[in-house]
Amino acid sequence: MRLLTALPGSVLWLKQAGDKAKANLQQAARDAGVDERRLVFAKPAPLDVHLARHRLRTCSWTPRPMAPTPPPATRCLPACRC
């Protein structure tokens, strides 16, 4: 939620979650003063559709780097202290 608070107008795309997880995330957004509509739960899709979604993003973040480089959010948002 800190990213959404720090980046007004941004949305967070997440893998589709179960009902309980989705409800918990939406409640966490409300508790943080973030409009829960800024959480986008993406349904499973074929690889080509999934990759096409990537073209819609401005920035990506992953909780663990997949390569010996900083996570993408670190590269494209150096001023964000989230």
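The values are calculated or read from the model by the stated rules, or taken from the named source; none is laboratory data. Predicted, not measured: the structure shown is a model, and the values here were computed from it. Cβ coordinates were reconstructed from backbone atoms using ideal geometry, including for glycine residues, and neighbour counts include every protein chain displayed.
Numbers at a glance
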read-out	value
Residue list for the range 1-39, filter: among the polar types (S, T, N, Q), part of a loop (DSSP other than H, G, I, E, B) and either farther than 24 Å from His54 by Cβ or within 11 Å of the chain's Cα centre (by Cα) (or both)	Ser10
In the range 40-60, the residues that are part of a loop (DSSP other than H, G, I, E, B), at pLDDT below 85 and surrounded by fewer than 11 Cβ atoms within 10 Å (Cβ to Cβ)	Arg55, Leu56, Thr58
